[in-house]
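Have a look at the structure below before the remarks.
The values are calculated or read from the model by the stated rules, or taken from the named source; none is laboratory data. Note that this is a predicted model, so its numbers are computed, not measured. Because the Cβ atoms are built from the backbone with ideal geometry, glycine has one as well, and the counts that use them run over all protein chains shown.
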Amino acid sequence: MKIAVAGTGYVGLVTGVALAHIGHNVTCVDVDLEKINLMKQGISPIYEKDLENLMEINKERLNYTTNYKEAYQDADVIFIGVGTPEKEDGSANLDYLYMVLDQIVNSLKKDVVIVIKSTVPIGTNDEVEIYINNKIKSGIKVMVVSNPEFLAQGTAVHDTLYATRIVIGVEDEKAKKIMTTLYEPLTKEPYNVPLLVMDRKSAEMVKYASNDFLALKISYMNELANFAEKIGADISLVANGMSYDPRIGNKFLNSGIGYGGSCFPKDTKALYFSSKLYNSEIKTIGACIEVNENQKIILFKKLKEKFKNLENFQIAILGLTFKPGTDDVREAPALVNAKLLLKEKVIIKAYDPIGVSNFNHTLFNDVSMTNYKEQISYYNTIEDTIKDCQAVLIMTEWPEIKEFDLKKYESLMAKPYIFDGRNCYDLKNISKYAIYYNSIGRKVIDNCKEKISL
């Protein structure tokens, strides 16, 4: 089939490349000429494992362009994978979606299936269909399909090709046939992905229900971790005990400093906002949002409780992205903590394997932070980052951090005070060193030979 994909972010580009990989001819459309030129050279504008390799393998079936009219007018199916960022009130901003819809309407010359891949509020597909039918030329049939994505950044290629399920929301038999044919290769060997067909509103809700359930699970474990610290229990042992129950499973039981990224924060707020619009407030989601916001700054609170005045401290931040395996810093706990530390007149030394550029841009894109640029420096190694620091905050569980030689904290830091937001180290192992170690939901290890003078 001839496929057009609007948007070349994590959803759009990965979707387009995956569809080319299973045999379709795909044109990826974006307004950003710089991104298009990069992709034409085989360079992905996003950091995603295996993506550039698949771009190379399938380059004969992939095209990249800013010419949306040419891409849309000849397409059998048009996927929309543009961003739907949250507004200040928590609702989804659909401006980019409707901008693309206008471009499609002005380009079409034949019947087409429009697939909403972007995460949108429940009922949006119905509204899109009405919007298009009010604008489209007579004689052209447009079928609107909901096809939510369930990929995770860092594993997006695998999550698309070997998805846990493909969900299609349709109200039209012809659209159903086209979409099942399009995805048929993924339902067979070696992928064997289940294909679920349902109504559009249910498909839209599956996305929110799935993400928000995982966010709830994370927040629940973080609340338990905070309680475990108070009573002297070990949350890692509690989580292990829970994991043997097949009704609970062993995923998303790790405690830490909350979720970030482009999905969970946005999707929890969007569903909560929608539920209140319909006078059916989902209170658990509201509590989840509140818990996560508080959890993000728990290391900062621990640091302040320990040292009171942080002025002129040298503090290392290890990990800047919201999770390992991606360069995405959206809603990353490191961002909010860096801002708090800078305002406390802390000298920050920061490290991340791939996220430094995005982090620095995002941090100082906030005009309120402009005057703090001289207080933060970035380093290429963990050793250089922690050298002479009075404390370390671990924000992302990169393998480089988890496998770091603990002896180096002891030897390189001015005082080895470690505040670990991702529980990277085993307590028995870290107890062997002259280190102060404060993690999430576990006992504090205080083997420092001397205390910092306050």
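Results for (1) among the hydrophobic types (A, V, I, L, M, F, W, C); (2) in the same structural domain as residue 78 (by TED's automatic domain parsing); (3) touching a residue at least 40 places away in the same chain (Cβ under 8 Å), shown as yes or no for each residue.
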residue: 110; (1), (2), (3): no, yes, no
residue: 119; (1), (2), (3): no, yes, yes
residue: 123; (1), (2), (3): no, yes, yes
residue: 127; (1), (2), (3): no, yes, no
residue: 136; (1), (2), (3): yes, yes, no
residue: 143; (1), (2), (3): yes, yes, no
residue: 161; (1), (2), (3): yes, yes, yes
(request) Go through (1) of a type in the set (Ser, Thr, Tyr); (2) more than 24 Å from the chain's Cα centre (by Cα); (3) at pLDDT 95 or above and name the single condition residue 370 misses. (result) (3)
(request) Restrict the check to the range 72-79 and report whether at least one residue is surrounded by 22 or more Cβ atoms within 10 Å (Cβ to Cβ) and hydroxyl-bearing (Ser, Thr, Tyr). (result) yes
(message) I'd like the full set of residues that are in contact with a Leu (Cβ under 9 Å, 6 or more places away or on another chain) and of a type in the set (D, E, K, R), limited to the range 233-252.
(response) 234, 251
(request) At least 2 residues that are touching a helix residue (DSSP H, G or I) at 6+ places or on another chain (Cβ under 9 Å) and of a type in the set (Ser, Thr, Tyr) in each: list the strands (runs of 3 or more DSSP E) lying fully within the range 388-454 that qualify. (result) 436-438
(message) Condition check: charged (D, E, K, R), part of a loop (DSSP other than H, G, I, E, B) and out of contact with any Leu (no Cβ under 8 Å at 6 or more places or on another chain). Does residue 204 satisfy that?
(response) no
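Conditions (1) at pLDDT 95 or above; (2) buried (at least 16 other Cβ atoms within 10 Å of the Cβ); (3) within 28 Å of residue 273 (Cα to Cα); (4) assigned by TED's automatic domain parsing to the domain that holds residue 288, marked per residue:
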residue	(1), (2), (3), (4)
102	yes, no, yes, no
114	yes, yes, yes, no
131	yes, yes, yes, no
139	no, no, no, no
147	yes, yes, yes, no
157	yes, yes, no, no
174	yes, no, no, no
179	yes, yes, no, no
182	yes, yes, no, no
(request) Could you please tell me which pairs satisfy a Cβ distance under 6 Å, a separation of 6+ or placement on different chains, a first residue in the range 266-278 that is not assigned by TED's automatic domain parsing to the domain that holds residue 331, and a second residue that is hydroxyl-bearing (Ser, Thr, Tyr) and modelled with pLDDT of 95 or more? (result) 267/208; 271/208
(request) Kindly indicate the residue of the range 261-274 that is among the polar types (S, T, N, Q) and modelled with pLDDT under 95 and also nearest to residue 118 (Cα to Cα) among those meeting that condition. (result) 262
(message) Cβ-Cβ under 7 Å, sequence separation 6+ or interchain: first residue in the range 353-372 and closer than 18 Å to residue 343 by Cα, partner exposed (fewer than 10 other Cβ atoms within 10 Å of the Cβ) and not small (Gly, Ala, Ser). Which pairs?
(response) 364/370
(request) Out of the residues in the range 197-229 that are of a type in the set (Gly, Ala, Ser) and surrounded by fewer than 16 Cβ atoms within 10 Å (Cβ to Cβ), state the one that is farthest from residue 287 (Cα to Cα). (result) 202
(request) Within the range 243-299, count every residue that is of a type in the set (Phe, Trp, Tyr) and either assigned to a loop (DSSP other than H, G, I, E, B) or at positive phi (or both). (result) 4
(request) Scan the range 297-313 and give yes if some residue there is crowded, with 21+ Cβ neighbours inside 10 Å, at pLDDT 95 or above and under 22 Å from the mean Cα position of the chain (by Cα), otherwise no. (result) yes
(request) Give 232, 241, 258 a once-over and let me know the one that is outside the structural domain of residue 329 (by TED's automatic domain parsing), at pLDDT 95 or above and buried (at least 22 other Cβ atoms within 10 Å of the Cβ). (result) 258
(request) Please enumerate the residues belonging to the range 73-85 that are within 30 Å of residue 278 (Cα to Cα) and not in a strand (DSSP E or B). (result) 81, 82, 83, 84, 85
(request) Pick out the one residue from 132, 136, 168 that is more than 18 Å from the chain's Cα centre (by Cα), assigned to a helix (DSSP H, G or I) and not basic (Lys, Arg). (result) 132
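Being assigned to a helix (DSSP H, G or I), out of contact with any helix residue (DSSP H, G or I) (no Cβ under 7 Å at 6 or more places or on another chain), closer than 30 Å to residue 321 by Cα and among the acidic types (Asp, Glu) narrows it down to one residue among 70, 88, 60, 52; which is it?
52
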